[in-house]
Each structure stands twice: as C-alpha cells, then as structure tokens.
Amino acid sequence: MSVKRETIACILVVFAIAPVLVQAAAPAQENDMRPLADVDIWLDQRSWYSFYQTQLDEGDVIYVDFEVTSGSDIDFFICDGETYDLWSDGNSVTVSVLHENVGSYSTSFSVPSDGEWRVVFYNDNWFTRKHVEGTVEVRSPTSPSSTLLGMAGLGLLALVIVGIAVVFHYVGKRTKTRKQVPEYVQPPSQQAHTSGRVRTNYCPHCGQHLRLPNAQFCSSCGAALGPPPDIL
C-alpha cells in the first residue's frame, strides 16, 4: 500500500507542476501581432495621414504593407514623434525610413529607441485624391531574459523528471529486497511428541540441537528444559 501511495503522490506532483514548467520552458517567441491600424484611407490633395504608437520599446518592429488603390503614387516615411512634430510644422527633417513615389510597399522597421513613433502616408499631389489600403502592425522581439528563463525551465523540468525516476527506482528496489524475517517453526523431526512424554534432542523453544540429552537449559536460547520425561 505504501508503494502505491508514493507512486500516486509522484504522479500527482508531476501533473501539478508540468503545465507551469512547460510554459516556462517554452522558448519565448515574438508576441502576437498588435494591429496598430488597418489602413483604409483617402488622402486629399497635399495632405497626409499618420498612424502612431505613443510608447514603443527599443527593438520593437513595425511592419507596414500598403497599396495605393486609387490615384498615383504617394510618399511614405517612418519617424519618431519629435521629428514628426518638426516636419508637420514645415521644417526640414531627416526621417528613419523614406520612400517617395511608391504605389505599393512592404517593409519592417526595428525601433532604435523608446518613445513615440509615426508611420506617415503623404499625398503631395495638388490635383489628385488618393486611396490607400494595407496594414500597420507592431511586434515585440524575443528578449534574452525570456530565453534564459526558458532554458532554466527546461533544466528544472529535466531535474524533476530525473528525480521522479530515481524515486521510482529506489521504491521498486526497496520493495524487492525487503524481506520479512520468518518465525522459526520446528520441523516435525525436531518437535516433541504430544501423544507421549518423549523429549527429543532439540530445544522446543528455538530448535537448537541439544548435545547433552540430560541438559537442563538450552545452550543457544537459555530456556529451561526441565528433566527428561519417562519414555513410553
């Protein structure tokens, strides 16, 4: 019964901690896409539209995929919030990504610093209104700390499995080697006859062979033997 209880307890422990360890051990992947915007906009003459995220972390990746479905080409660029404010006020600026006169485009941009970042679609045409469709999305890359956490989780999971295997091996080995000390029972040849008053040359208490037929005490267990009865 004790072996079964130990086995069941180990199995329950494994089932209890396995989900946590598996989650910790799973290699950290890029987070699910965070839609920043579904692009479906009309750009009037000499106008622009910007999609922005107020707080991006260094290393975040902006994915842009768009197509001009009505009108001619447009200008497209990515910049930080401060640069955007300067540009919208009419100042000349240097942006991080710039593509002019494009009808369709797909790109990814790794954010170099924390803060606000803008994705801008600009129609510089004086006469034509343009329609743009696409997506703007953000992903957060795998961090070194999450990778180390995954490796630590895998190591812990391996240690738990090895520990449980050792426990099972020890319990099984102990069960096989455990011996119950048998209680001594005199063989029939050594037992005294109950139908007569005959004392054999063996101790009735421990079965030790009596070298002296008239011995009063057993030389092995020390039990009193008493005088030998009359032999019938």
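The values are calculated or read from the model by the stated rules, or taken from the named source; none is laboratory data. Only a predicted model underlies this, so the values are computations on that prediction, with no experimental measurement involved. Every residue, glycine among them, receives a Cβ derived from its backbone with ideal geometry; neighbour counts consider all protein chains shown.
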Turns out the strands (runs of 3 or more DSSP E) fully within segment 56-129 with at least 3 residues that are farther than 29 Å from Pro141 by Cβ are 61-70
Considering Gly155, Gly150, Gly207, which residue is surrounded by 15 or more Cβ atoms within 10 Å (Cβ to Cβ), at pLDDT 60 or above and outside the structural domain of Phe66 (by TED's automatic domain parsing)? Gly207
If the Cβ limit is 9 Å and pairs must be 6+ apart or interchain, which residue in segment 212-231 that is closer than 15 Å to Tyr202 by Cβ and assigned by TED's automatic domain parsing to the domain that holds Asn201 pairs with which residue that is modelled with pLDDT of 75 or more and basic (Lys, Arg)? Ser219/Arg211
Exactly one of (1) without any contact (Cβ under 8 Å) to a residue 40 or more places away in the chain; (2) in contact with a Phe, Trp or Tyr (Cβ under 7 Å, 6 or more places away or on another chain); (3) surrounded by 16 or more Cβ atoms within 10 Å (Cβ to Cβ); (4) within 27 Å of Thr128 (Cβ to Cβ) is unmet by Asp80. Its number? (4)
